[in-house]
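Working notes, structure below.
Please treat every number below as a calculation from the coordinates, not as lab data. In this text the structure is predicted, and so the values were computed from the model without any measurement. All Cβ positions, even for glycine, are placed from backbone atoms using ideal geometry, and neighbour counts span all protein chains on display.
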Amino acid sequence: MRHVPNLKDFTTAEIQDILARAATIKANPAEYRQLLDSQSMAMLFQKTSTRTRVSFEVGMTELGGHAVYVDWMTSNFVLSGIEYETEYLSRNVSCIMARLMRHEDLLKIIGASQVPVINGCDEKFHPCQALTDVLTISEHCDGELADTHLVYVGVQNNVSNSLVTICDKLGIQLTLGTPAIEDNGESVDAEVQAIIARSDRINHVTDPKQAVQGADFVYTDTWVDMQYFNNPDFADEKEKRVREMLPYQINRELLAGVDCRIMHDMPIHDGYEIAPEMVRHPGSVIFQQAENRLHAQKGLLWWLYEQAGFIS
Ligand code: CP
């Protein structure tokens, strides 16, 4: 059974298939209102979310199915073994989407589930975001994806790991403009670092001004993981991080002379990773990108349910 812990074991053709399905449903949603008739999906959250929750829930509804929100803290996942609770869930639903703190816990859920499991973002990967991002780029690029230069500016994290994986599969040129990674950082993934080291389409530079040269799309994300952003215990570390990262802020000065689209996976932290005026800049596709979470989830669900043999 196929699961979506990340995009590493997906072939290029499979990713293209999912993206094509997303575009097809987006163009004609009414035709797919019964696609997942009577199917139910559990959405398990250990962390906060706006887009992932809304897009999966609305996506299931618009495909004729149903999504059940399960808050980790108010469910018996806090009391019992993750394997037992997962096996129960998978006997009542046909898909599980989970947003967890730790990738190792997502792998436990995959091990215990009798139905497909989708990673809704953990500390290492955000595969659904990467699918959305490429769908958005395909809609706004002037030529072929393979001729497009995406630049990610910020910190290497779950979002950049998934961008590296998908860009490598699809041959998209990607430049990471980030500080050197900390070897012990929680998002560090050896296979992703190996791709960066071996690929001649994926580069890492530490100078943000150098990174954005020749960009078709400039993408940024939070400098501080969501669970730490408003945590008083993390205040000193956050202040240090912000001081170090200010040169990487997406603002008019950084993008002076660069003719590019601006991307951000949201939520936006105004005045941190992006200056407020760049969010509504004419080159911004941030809200189109966020809307595309819905369409990309639908394409993924269609593909995954078909792979599982739940629909034909
Ligand atoms: N981009 C993203 O995953 O948004 P949420 O955290 O709001 O789900």
Exercise. Which ³J(HN,Hα) values in Hz, rounded to whole numbers, follow from the phi angles of region 236-245 under the Karplus curve 6.51 cos²θ - 1.76 cosθ + 1.60, where θ = phi - 60° and Gly and Pro get x?
Worked result: 5, 4, 5, 4, 4, 4, 5, 4, 5, 8
Seminar exercise, completed: Ranked output for segments 268-274, 219-225 by mean other Cβ atoms within 10 Å, highest leading, reads 219-225, 268-274
For this session: Could you list which residues have their amide H under 5 Å from that of residue 4, counting only those 5 or more apart in sequence or on another chain, with H placed in the peptide plane?
Result: 117, 118, 119
For this session: Take the alpha-carbon positions of region 139-214, form their convex hull, and give its projected area averaged over all directions (one quarter of the hull surface) in nm².
Result: 5.0
Exercise. About the Cα centre of the chain, what is the dipole size in debye to 20, counting +1 per Lys and Arg Cβ and -1 per Asp and Glu Cβ, all else neutral?
Worked result: 500
Exercise. Can you run phi through the Karplus equation (6.51, -1.76, 1.60; θ = phi - 60°) for region 202-211 and list ³J(HN,Hα) in whole Hz, with x for Gly and Pro?
Worked result: 10, 10, 10, 10, 9, 8, x, 5, 5, 4
Seminar exercise, completed: For residue 261, other-chain or 5+-apart residues with amide H closer than 5 Å (H placed, Pro excluded) are 217, 218
Exercise. What number of lysine-lysine pairs in the chain show an alpha-carbon separation below 20 angstrom, given a sequence spacing of 8 or more or placement on distinct chains?
Worked result: 10
Problem set entry | Tensor-based shape of region 215-268 (alpha-carbon gyration tensor, a/c under 1.5 rounded, otherwise prolate or oblate) | oblate
Problem set entry | Gap separating the Cα centres of region 174-231 and region 278-293, nearest whole Å | 20
For this session: Tabulate in residue order the Karplus-calculated ³J(HN,Hα) for region 299-310, using 6.51 cos²θ - 1.76 cosθ + 1.60 with θ = phi - 60°, rounded to whole Hz; enter x for Gly and Pro.
Result: x, 5, 4, 4, 4, 5, 5, 5, 4, 6, x, 7
